[in-house]
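The values are calculated or read from the model by the stated rules, or taken from the named source; none is laboratory data. On a predicted model such as this, the values are computed, not experimentally measured, just so you know. Here Cβ is always computed from backbone atoms with ideal geometry, including for glycine, and neighbour counts include all displayed protein chains. Areas reflect the complete protein model, heavy atoms only, side chains present, ligands, DNA and RNA absent. Shrake-Rupley method; radii C 1.70, N 1.55, O 1.52, S 1.80 Å.
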Amino acid sequence: MVDVPTLVEQARAGRPRAVARLISLVEGASPQLREVMAALAPLTGNAYVVGLTGSPGVGKSTSTSALVSSYRRAGKRVGVLAVDPSSPFSGGALLGDRVRMSEHASDPGVYIRSMATRGHLGGLAWSAPQAIRVLDAAGCEVILVETVGVGQSEVEIASQADTSVVLLAPGMGDGIQAAKAGILEIGDVYVVNKADRDGADATARELNHMLGLGESRGPGDWRPPIVKTVAARGEGIDEVVEALEKHRAWMEEHGVLAERRMARAAREVETIAVTRLRERIGDLHGDRHIGALAERIVAGSLDPYAAADELVAGLTEG
(Lines give C-alpha, C1' and ligand atoms only; values in the text may rest on other atoms or scores of the structure.)
Protein backbone atom coordinates (compact mmCIF):
# COMPACT_ATOMS: atom_id res chain seq x y z
CA MET A 1 0.00 0.00 0.00
CA VAL A 2 1.17 3.51 -0.83
CA ASP A 3 1.35 6.25 1.80
CA VAL A 4 -0.84 8.70 -0.15
CA PRO A 5 -0.55 11.78 2.15
CA THR A 6 3.26 11.55 2.09
CA LEU A 7 3.26 11.05 -1.67
CA VAL A 8 1.04 14.10 -2.20
CA GLU A 9 3.23 16.18 0.10
CA GLN A 10 6.32 15.16 -1.87
CA ALA A 11 4.58 15.96 -5.17
CA ARG A 12 3.68 19.42 -3.84
CA ALA A 13 7.36 19.90 -3.03
CA GLY A 14 8.16 19.27 -6.69
CA ARG A 15 9.67 15.80 -6.41
CA PRO A 16 9.31 14.17 -9.86
CA ARG A 17 9.25 10.61 -8.51
CA ALA A 18 6.23 11.39 -6.35
CA VAL A 19 4.39 12.96 -9.30
CA ALA A 20 5.26 9.94 -11.44
CA ARG A 21 3.99 7.55 -8.78
CA LEU A 22 0.69 9.40 -8.45
CA ILE A 23 0.12 9.37 -12.22
CA SER A 24 0.99 5.67 -12.29
CA LEU A 25 -1.69 5.05 -9.65
CA VAL A 26 -4.12 6.94 -11.90
CA GLU A 27 -3.17 5.04 -15.05
CA GLY A 28 -3.31 1.71 -13.29
CA ALA A 29 -6.73 2.46 -11.75
CA SER A 30 -5.25 1.67 -8.35
CA PRO A 31 -7.59 0.67 -5.49
CA GLN A 32 -6.15 3.75 -3.75
CA LEU A 33 -7.28 6.07 -6.56
CA ARG A 34 -10.21 7.38 -4.49
CA GLU A 35 -7.85 8.28 -1.66
CA VAL A 36 -5.48 9.99 -4.12
CA MET A 37 -8.24 12.09 -5.70
CA ALA A 38 -9.66 13.04 -2.29
CA ALA A 39 -6.22 14.23 -1.17
CA LEU A 40 -5.64 16.22 -4.37
CA ALA A 41 -9.08 17.89 -4.58
CA PRO A 42 -8.34 20.88 -2.29
CA LEU A 43 -5.03 21.51 -4.08
CA THR A 44 -6.33 21.85 -7.64
CA GLY A 45 -7.92 24.53 -9.81
CA ASN A 46 -4.88 26.76 -10.31
CA ALA A 47 -3.27 25.44 -13.50
CA TYR A 48 -3.99 26.74 -16.99
CA VAL A 49 -4.58 23.73 -19.25
CA VAL A 50 -3.67 24.10 -22.93
CA GLY A 51 -4.48 21.34 -25.41
CA LEU A 52 -2.52 20.93 -28.65
CA THR A 53 -4.00 18.92 -31.47
CA GLY A 54 -3.60 18.46 -35.21
CA SER A 55 -2.84 15.91 -37.88
CA PRO A 56 0.29 13.75 -37.62
CA GLY A 57 3.41 15.51 -38.87
CA VAL A 58 2.40 19.11 -38.18
CA GLY A 59 4.99 19.43 -35.43
CA LYS A 60 2.99 19.08 -32.23
CA SER A 61 5.88 17.79 -30.12
CA THR A 62 8.27 20.43 -31.46
CA SER A 63 5.68 23.14 -30.81
CA THR A 64 5.02 21.79 -27.31
CA SER A 65 8.74 21.82 -26.53
CA ALA A 66 9.06 25.39 -27.81
CA LEU A 67 6.08 26.48 -25.68
CA VAL A 68 7.70 24.89 -22.63
CA SER A 69 10.83 26.96 -23.28
CA SER A 70 8.79 30.16 -23.59
CA TYR A 71 6.85 29.54 -20.37
CA ARG A 72 10.02 28.61 -18.50
CA ARG A 73 11.64 31.88 -19.57
CA ALA A 74 8.65 33.54 -17.91
CA GLY A 75 9.42 31.59 -14.73
CA LYS A 76 6.38 29.31 -14.82
CA ARG A 77 6.35 25.66 -13.77
CA VAL A 78 5.15 23.53 -16.66
CA GLY A 79 3.65 20.06 -16.90
CA VAL A 80 3.37 18.15 -20.17
CA LEU A 81 1.09 15.20 -20.85
CA ALA A 82 2.01 13.74 -24.22
CA VAL A 83 -0.60 11.18 -25.22
CA ASP A 84 0.72 8.57 -27.62
CA PRO A 85 -0.68 5.48 -29.34
CA SER A 86 -0.60 2.28 -27.33
CA SER A 87 1.62 -0.63 -28.13
CA PRO A 88 -0.64 -3.57 -29.03
CA PHE A 89 1.71 -5.80 -27.01
CA SER A 90 2.56 -3.93 -23.80
CA GLY A 91 -0.18 -1.31 -23.77
CA GLY A 92 2.50 1.34 -23.25
CA ALA A 93 3.14 4.50 -25.25
CA LEU A 94 4.78 3.86 -28.62
CA LEU A 95 6.33 7.29 -29.11
CA GLY A 96 8.51 8.50 -26.26
CA ASP A 97 7.94 12.25 -25.99
CA ARG A 98 10.53 12.33 -23.22
CA VAL A 99 13.05 11.71 -26.02
CA ARG A 100 11.65 14.40 -28.28
CA MET A 101 11.64 16.91 -25.40
CA SER A 102 14.95 15.79 -23.92
CA GLU A 103 16.22 19.40 -23.67
CA HIS A 104 13.83 19.90 -20.75
CA ALA A 105 14.55 16.59 -19.02
CA SER A 106 16.98 18.06 -16.49
CA ASP A 107 14.84 21.12 -15.71
CA PRO A 108 13.23 20.73 -12.25
CA GLY A 109 10.53 23.21 -13.30
CA VAL A 110 9.24 20.89 -16.05
CA TYR A 111 7.48 17.57 -15.69
CA ILE A 112 6.94 15.50 -18.85
CA ARG A 113 4.86 12.34 -18.96
CA SER A 114 3.99 10.15 -21.94
CA MET A 115 0.62 8.45 -21.58
CA ALA A 116 -0.79 5.66 -23.72
CA THR A 117 -4.31 5.87 -25.12
CA ARG A 118 -4.81 2.16 -24.28
CA GLY A 119 -7.40 1.91 -27.03
CA HIS A 120 -9.33 5.01 -25.96
CA LEU A 121 -10.59 7.00 -28.95
CA GLY A 122 -10.59 10.77 -29.23
CA GLY A 123 -6.83 11.36 -29.06
CA LEU A 124 -6.62 11.23 -25.26
CA ALA A 125 -5.96 8.63 -22.63
CA TRP A 126 -8.99 7.82 -20.46
CA SER A 127 -7.01 8.79 -17.36
CA ALA A 128 -5.92 12.18 -18.73
CA PRO A 129 -8.34 14.25 -16.56
CA GLN A 130 -7.00 12.67 -13.37
CA ALA A 131 -3.39 13.05 -14.56
CA ILE A 132 -4.07 16.74 -15.23
CA ARG A 133 -5.38 16.97 -11.66
CA VAL A 134 -2.11 15.45 -10.35
CA LEU A 135 0.04 17.97 -12.23
CA ASP A 136 -2.21 20.82 -11.10
CA ALA A 137 -1.89 19.78 -7.45
CA ALA A 138 1.88 19.37 -7.90
CA GLY A 139 2.17 23.09 -8.59
CA CYS A 140 2.33 23.21 -12.39
CA GLU A 141 1.08 26.65 -13.45
CA VAL A 142 0.67 25.63 -17.10
CA ILE A 143 -0.20 22.13 -18.28
CA LEU A 144 0.29 21.33 -21.97
CA VAL A 145 -1.67 18.30 -23.23
CA GLU A 146 -0.46 17.03 -26.59
CA THR A 147 -2.86 14.61 -28.26
CA VAL A 148 -2.06 11.45 -30.13
CA GLY A 149 -2.31 12.83 -33.66
CA VAL A 150 -5.16 10.91 -35.22
CA GLY A 151 -6.94 13.64 -37.16
CA GLN A 152 -10.52 14.66 -36.58
CA SER A 153 -11.22 12.20 -33.78
CA GLU A 154 -8.99 14.35 -31.56
CA VAL A 155 -11.80 16.80 -30.86
CA GLU A 156 -12.06 15.38 -27.33
CA ILE A 157 -9.20 17.67 -26.28
CA ALA A 158 -11.65 20.59 -26.42
CA SER A 159 -13.52 19.08 -23.48
CA GLN A 160 -10.38 18.69 -21.35
CA ALA A 161 -8.48 21.95 -21.97
CA ASP A 162 -9.09 25.55 -20.99
CA THR A 163 -7.73 26.60 -24.38
CA SER A 164 -7.41 24.39 -27.46
CA VAL A 165 -4.66 24.99 -30.01
CA VAL A 166 -5.08 23.46 -33.48
CA LEU A 167 -1.89 23.06 -35.49
CA LEU A 168 -1.72 22.85 -39.27
CA ALA A 169 1.16 22.85 -41.74
CA PRO A 170 1.42 23.72 -45.43
CA GLY A 171 1.51 20.95 -48.00
CA MET A 172 -0.22 18.36 -45.81
CA GLY A 173 -3.72 18.50 -47.19
CA ASP A 174 -4.76 20.84 -44.42
CA GLY A 175 -7.07 22.75 -46.75
CA ILE A 176 -9.18 19.65 -47.14
CA GLN A 177 -8.85 18.89 -43.44
CA ALA A 178 -9.95 22.39 -42.51
CA ALA A 179 -13.04 22.10 -44.68
CA LYS A 180 -14.22 19.09 -42.69
CA ALA A 181 -16.58 19.57 -39.78
CA GLY A 182 -14.98 19.19 -36.39
CA ILE A 183 -11.51 20.65 -36.39
CA LEU A 184 -12.70 24.22 -36.94
CA GLU A 185 -15.19 23.89 -34.13
CA ILE A 186 -12.70 23.23 -31.36
CA GLY A 187 -9.86 25.69 -31.93
CA ASP A 188 -9.39 28.77 -29.75
CA VAL A 189 -6.00 29.50 -31.33
CA TYR A 190 -4.80 28.24 -34.73
CA VAL A 191 -1.14 27.77 -35.54
CA VAL A 192 0.27 27.31 -39.04
CA ASN A 193 3.60 25.65 -38.23
CA LYS A 194 6.51 25.17 -40.62
CA ALA A 195 5.70 28.62 -41.99
CA ASP A 196 9.05 28.74 -43.80
CA ARG A 197 7.66 26.25 -46.32
CA ASP A 198 5.93 27.16 -49.55
CA GLY A 199 2.20 27.46 -49.17
CA ALA A 200 2.16 28.71 -45.57
CA ASP A 201 0.49 32.00 -46.48
CA ALA A 202 -2.07 30.17 -48.62
CA THR A 203 -2.84 27.78 -45.75
CA ALA A 204 -3.34 30.72 -43.37
CA ARG A 205 -5.60 32.50 -45.88
CA GLU A 206 -7.70 29.40 -46.48
CA LEU A 207 -8.00 28.80 -42.76
CA ASN A 208 -9.06 32.39 -42.21
CA HIS A 209 -11.64 32.00 -44.97
CA MET A 210 -13.02 28.81 -43.44
CA LEU A 211 -13.25 30.45 -40.02
CA GLY A 212 -15.14 33.31 -41.62
CA LEU A 213 -17.67 30.84 -42.99
CA GLY A 214 -18.30 29.45 -39.53
CA GLU A 215 -20.92 30.53 -37.07
CA SER A 216 -21.49 34.25 -36.72
CA ARG A 217 -19.83 35.99 -33.81
CA GLY A 218 -21.01 38.99 -31.87
CA PRO A 219 -18.89 42.09 -31.12
CA GLY A 220 -17.64 40.70 -27.80
CA ASP A 221 -17.13 37.11 -28.92
CA TRP A 222 -13.72 35.50 -29.20
CA ARG A 223 -12.34 35.25 -32.72
CA PRO A 224 -9.60 32.61 -32.92
CA PRO A 225 -6.33 34.16 -34.10
CA ILE A 226 -4.06 32.50 -36.67
CA VAL A 227 -0.37 32.50 -35.78
CA LYS A 228 2.41 31.41 -38.12
CA THR A 229 5.39 29.66 -36.53
CA VAL A 230 8.58 27.78 -37.27
CA ALA A 231 8.63 25.84 -34.02
CA ALA A 232 11.93 24.09 -34.78
CA ARG A 233 13.61 27.51 -34.62
CA GLY A 234 11.35 28.97 -31.94
CA GLU A 235 9.96 31.55 -34.36
CA GLY A 236 6.46 32.82 -33.60
CA ILE A 237 6.21 30.90 -30.30
CA ASP A 238 6.08 34.04 -28.15
CA GLU A 239 3.19 35.21 -30.34
CA VAL A 240 1.39 31.91 -29.62
CA VAL A 241 1.87 32.41 -25.86
CA GLU A 242 0.55 35.97 -26.23
CA ALA A 243 -2.54 34.64 -28.04
CA LEU A 244 -3.05 32.05 -25.29
CA GLU A 245 -2.83 34.68 -22.57
CA LYS A 246 -5.30 36.91 -24.42
CA HIS A 247 -7.73 34.01 -24.69
CA ARG A 248 -7.36 33.22 -21.00
CA ALA A 249 -8.02 36.86 -20.10
CA TRP A 250 -11.07 36.94 -22.38
CA MET A 251 -12.45 33.76 -20.79
CA GLU A 252 -11.97 35.11 -17.28
CA GLU A 253 -13.63 38.40 -18.20
CA HIS A 254 -16.68 36.70 -19.75
CA GLY A 255 -17.03 33.85 -17.25
CA VAL A 256 -16.19 31.27 -19.91
CA LEU A 257 -13.26 29.77 -18.02
CA ALA A 258 -15.43 28.89 -15.03
CA GLU A 259 -18.09 27.45 -17.36
CA ARG A 260 -15.57 25.25 -19.14
CA ARG A 261 -14.13 23.96 -15.90
CA MET A 262 -17.59 23.21 -14.52
CA ALA A 263 -18.46 21.31 -17.71
CA ARG A 264 -15.15 19.44 -17.50
CA ALA A 265 -15.83 18.37 -13.92
CA ALA A 266 -19.35 17.25 -14.85
CA ARG A 267 -18.02 15.12 -17.72
CA GLU A 268 -15.41 13.61 -15.42
CA VAL A 269 -18.08 12.59 -12.91
CA GLU A 270 -20.22 11.15 -15.69
CA THR A 271 -17.29 9.18 -17.12
CA ILE A 272 -16.43 7.69 -13.72
CA ALA A 273 -20.07 6.75 -13.11
CA VAL A 274 -20.47 5.16 -16.55
CA THR A 275 -17.20 3.25 -16.10
CA ARG A 276 -18.46 1.83 -12.79
CA LEU A 277 -21.73 0.78 -14.42
CA ARG A 278 -19.83 -0.93 -17.25
CA GLU A 279 -17.74 -2.80 -14.72
CA ARG A 280 -20.89 -4.01 -12.98
CA ILE A 281 -22.40 -5.07 -16.30
CA GLY A 282 -19.14 -6.82 -17.15
CA ASP A 283 -19.44 -8.79 -13.93
CA LEU A 284 -22.80 -10.05 -15.20
CA HIS A 285 -21.48 -11.41 -18.51
CA GLY A 286 -21.05 -14.85 -17.04
CA ASP A 287 -24.16 -14.52 -14.94
CA ARG A 288 -27.18 -16.66 -15.64
CA HIS A 289 -29.41 -13.60 -15.76
CA ILE A 290 -27.73 -11.96 -18.75
CA GLY A 291 -27.44 -15.34 -20.45
CA ALA A 292 -31.16 -15.90 -19.98
CA LEU A 293 -31.89 -12.48 -21.47
CA ALA A 294 -29.75 -13.31 -24.49
CA GLU A 295 -31.62 -16.61 -24.99
CA ARG A 296 -34.96 -14.82 -24.95
CA ILE A 297 -33.73 -12.28 -27.51
CA VAL A 298 -32.53 -15.03 -29.84
CA ALA A 299 -35.83 -16.89 -29.38
CA GLY A 300 -37.75 -13.74 -30.30
CA SER A 301 -39.66 -13.53 -27.03
CA LEU A 302 -37.85 -10.39 -25.88
CA ASP A 303 -36.46 -7.35 -27.67
CA PRO A 304 -33.02 -5.90 -26.82
CA TYR A 305 -34.45 -2.68 -25.33
CA ALA A 306 -36.72 -4.55 -22.94
CA ALA A 307 -33.78 -6.80 -22.05
CA ALA A 308 -31.63 -3.73 -21.34
CA ASP A 309 -34.40 -2.35 -19.12
CA GLU A 310 -34.40 -5.58 -17.13
CA LEU A 311 -30.62 -5.49 -16.84
CA VAL A 312 -30.57 -1.87 -15.65
CA ALA A 313 -33.34 -2.62 -13.17
CA GLY A 314 -31.27 -5.54 -11.86
CA LEU A 315 -28.21 -3.29 -11.49
CA THR A 316 -30.25 -0.65 -9.66
CA GLU A 317 -31.71 -3.19 -7.27
CA GLY A 318 -28.26 -4.67 -6.72
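Look through segment 138-152, keep the residues that are modelled with pLDDT under 90 and in a loop (DSSP other than H, G, I, E, B), and return whichever of them is most open to solvent (accessible area, probe 1.4 Å).
150
Of the residues that make up segment 27-50, is at least one in a loop (DSSP other than H, G, I, E, B), among the β-branched types (Val, Ile, Thr) and either within 22 Å of the chain's Cα centre (by Cα) or on the phi > 0 side of the Ramachandran plot (or both)?
Yes: one or more hits.
Go through segment 267-291 and give me each residue that's modelled with pLDDT of 85 or more and open to solvent by 60 Å² or more (accessible area, probe 1.4 Å).
267, 269, 270
I'm told residue 211 meets every condition in (1) surrounded by fewer than 16 Cβ atoms within 10 Å (Cβ to Cβ); (2) in a helix (DSSP H, G or I); (3) in contact with a Lys or Arg (Cβ under 9 Å, 6 or more places away or on another chain) except one. Can you identify the failing condition by its number?
(1)
Within segment 220-241, is even one residue over 21 Å from residue 191 (Cα atoms) and assigned to a helix (DSSP H, G or I)?
Within segment 220-241, not a single residue is over 21 Å from residue 191 (Cα atoms) and assigned to a helix (DSSP H, G or I).
Of the residues that sit in segment 30-59 and are β-branched (Val, Ile, Thr) and out of contact with any strand residue (DSSP E or B) (no Cβ under 9 Å at 6 or more places or on another chain), which one is least open to solvent (accessible area, probe 1.4 Å)?
Applying the filter and picking the extreme gives 36.
Since residue 114 meets every condition but one in (1) at pLDDT below 65; (2) open to solvent by 20 Å² or more (accessible area, probe 1.4 Å); (3) under 16 Å from residue 23 (Cα atoms), which condition does it not meet?
(1)
Please specify each residue of segment 251-263 satisfying the condition of being surrounded by fewer than 16 Cβ atoms within 10 Å (Cβ to Cβ) and either in a helix (DSSP H, G or I) or of a type in the set (Ser, Thr, Tyr) (or both).
Scanning segment 251-263 gives 252, 253, 254, 258, 259, 261, 262, 263.
Could you tell me which of the residues 214, 300, 236, 255 is modelled with pLDDT of 85 or more and within 30 Å of residue 196 (Cα to Cα)?
On inspection, the qualifying residue turns out to be 236.
In segment 9-29, how many are out of contact with any strand residue (DSSP E or B) (no Cβ under 9 Å at 6 or more places or on another chain), surrounded by 15 or more Cβ atoms within 10 Å (Cβ to Cβ), closer than 22 Å to residue 106 by Cα and of a type in the set (A, V, I, L, M)?
Number of matching residues: 3.
May I ask you to list the residues in segment 186-203 that are crowded, with 20+ Cβ neighbours inside 10 Å, free of Cβ contacts under 8 Å to residues at least 40 places away in the same chain and among the hydrophobic types (A, V, I, L, M, F, W, C)?
192, 200
So residue 177 clears everything in (1) polar (S, T, N, Q); (2) open to solvent by 40 Å² or more (accessible area, probe 1.4 Å); (3) modelled with pLDDT under 80 except one condition, right? Which one?
Unmet condition: (2).
Looking for whichever is closer than 30 Å to residue 68 by Cβ, open to solvent by 40 Å² or more (accessible area, probe 1.4 Å) and out of contact with any strand residue (DSSP E or B) (no Cβ under 8 Å at 6 or more places or on another chain) here; the options are 235, 310, 295. Which one fits?
One residue alone meets the criteria, 235.
Looking at (1) touching a residue at least 40 places away in the same chain (Cβ under 8 Å); (2) open to solvent by 60 Å² or more (accessible area, probe 1.4 Å), which is the only condition residue 64 fails?
For residue 64, the exception is condition (2).
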